[in-house]
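Here the structure is laid out as C-alpha cells; the discussion comes afterwards.
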Amino acid sequence: MSEDSRTASIVVPTYNQSRKLARLLASLERLVNPETFEVVIVDDCSPDDTCAVVEAWIEKGLPFAARLLRLERNGGPGRARNAGLREARGAIVAFTDSDCVVEPGWLEELVRPVDLGKRIAGVAGKVKALSEKSFLARYNIVNMSLEPQWTPTYQFERTYLVTCNCCYHRQTLLDAGGFPEDIRTPGGEDIAASILLWKQGWRYAYATDAVVFHDFESSLRRFIRTFRNYGYGTALVLHRMLVPEEFHPEWGKKDIENYWDAAGLSPSITGIRSFFIDLIAFYRFGRHRKISHARMLESIPWRIIERLSQSYGWRQGERQWRMETGQPAPGLLDALAQRSRLFARLRERMRSKG
C-alpha cells in the first residue's frame, strides 16, 4: 500500500478474543485527532465471532478510517503483524493487542519521538495493568514484563520494542524484513524485528505518556505458558541473529558493529548462585522504584515461577536452533561458562590462544 496523508496506522492482530477486542475498539474511538490515523484489524483466522464484531464496529460509523483484514489461515502473531504492516497506509505504524485498552492521548504521544534524522525508528510506550486485583497482574507490573529492559544501574535500555505498545516507521521496518513468521506463539518475534533495525544503526525512544492498559492473565497455567513461550521464542531469535559475544558482555564488545546486549534476556537461573543473585536484583529494583516491601515479597514466588518457565522454554528454543543449524550440544567447558563468569573467562582465554 502507498502512504497517504495520515500520520499513523494502528495495526491490531487478533485471534479468538472477540470480547476483549470489543473493549479495545471502544477505547480506539476515544483517541484524539481521529483525522490523523487509520485502524487496521488483522483477524488471524479466528474461529469465534471476531469478524462479526469488527464489521459491526466499522458499520456503525467512525470518525477515522478503519478496515478488517481476515487471513485465510492461522499463522501466528508475526505473520498477522506483517500483513497489517503491508496493508497500512500511514508513515508510522503503531501496534497494540486485542487484550489492551489505550488512553485517549496514547497514539499522539507514541508517534511524537520518531525522528529518522536522529536515527529513531521506533518508540516504546508505558504499559499498566487494566486491573490489579490478581496476584499475577500485580506481579507483571512490578516486573515491568512488557516494557524496556532495565540495567543493574536502574537505567532503561531501549534495545527492543514490545508490540502491545510500540510504533515503527513503516517503510524502515518493511525494508528490514518485518517480523519473523515461523514463530507461531507470541514471544520473540517482536525482539527479532527490533534487532533487525538495531543492526542497521536504528535506535528507539521511550514515551512514558503513551499509556496502554493490559489485561494480564490471572490463570497460573497461562502465566507459565506465556513465559515458556517467551523463553522459547527469545532463545530461537537471539541464537539466529547474534554472535556469542553479544550473550556475554563481560567478554567485551570486540568492535562488533551495532552490538546488541543479550545478557538481560538470557536465562538468569543457571545455578544456585545466579538464582539468588536474580532474586536480590529483582527486589532491589522494585525498592528503587519505591514499591512496598509487602508488594515485593508477594512477587518473589511469581518471579521464581516466571524464571523457571522462561528457562525451560529457552532450553527448548536452543534445542530447536541446534536442530536447524546442526550445531552440537555444548561441551563441558561451554556448559560451565554459561554458569560461571570464571569459566567464561577461561574459555575465552583458551580460544584466544588457540
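Every number in this text was worked out from the coordinates using simple rules, so none of it is lab data. All figures in this text were calculated on a predicted structure; none of them were measured in a lab. Neighbour counts run over all protein chains shown; Cβ positions are idealised from the backbone, glycine included.
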Please give the FRET efficiency for residue 222 paired with residue 175, using the beta carbon to beta carbon distance and R0 = 41 Å, rounded to the nearest 0.05.
-> 0.70
Kirkwood hydrodynamic radius of the chain, Cα pairs, Å = 21.3 Å
Just rank 219, 18, fewest to most, by other beta-carbon atoms within 10 angstrom.
-> 219, 18
Listed pairs 133/290; 60/128; 126/199; 128/290 exceeding 27 Å between Cα atoms | 60/128
List 28, 220 from most exposed to least, where exposure is judged by having the fewest other Cβ atoms within 10 Å.
-> 220, 28
Identify, among 130, 53, 297, the residue whose Cα sits farthest towards the positive end of the charge dipole of the chain, taking +1 on the Cβ of Lys and Arg and -1 on the Cβ of Asp and Glu, with the dipole about the Cα centre.
-> 297
Mind ranking 53-61, 311-319 by how tightly packed they are, going by the mean number of other C-beta atoms within 10 angstrom, highest first?
-> 311-319, 53-61
Per DSSP H run of at least 4 residues, take -39500 (n - 2.57); add these up for the chain, divide by its residues and hand me the 222 nm value, nearest 500 deg cm²/dmol.
-> -14000 deg cm²/dmol
Quick one: of the DSSP bridges fully inside the chain, what percent are antiparallel, nearest 5?
-> 35 percent
Could the peptides 71-78, 164-171 be put in order, highest first, of the mean number of other beta-carbon atoms found within 10 Å of their residues?
-> 164-171, 71-78
Candidate span helices, the chain: DSSP H, at least 20 Å along axis from Cα coords, Kyte-Doolittle average at least 1.6, result none
Packing-based order for 178-185, 258-265, using average beta carbon neighbours within 10 Å, highest first = 178-185, 258-265
To the nearest 20 debye, what is the magnitude of the charge dipole of the chain about its Cα centre, counting +1 on the Cβ of each Lys and Arg and -1 on the Cβ of each Asp and Glu?
-> 1580 debye
Percent of beta bridges antiparallel (DSSP, segment 40-172, rounded to nearest 5) = 75 percent
Residue order, fewest to most surrounding Cβ atoms within 10 angstrom, among 109, 147, 257 | 257, 109, 147
When N counts the residues of segment 8-218, how does its alpha-carbon radius of gyration compare numerically with 2.2 N^0.38 Å, as a ratio?
-> 0.96
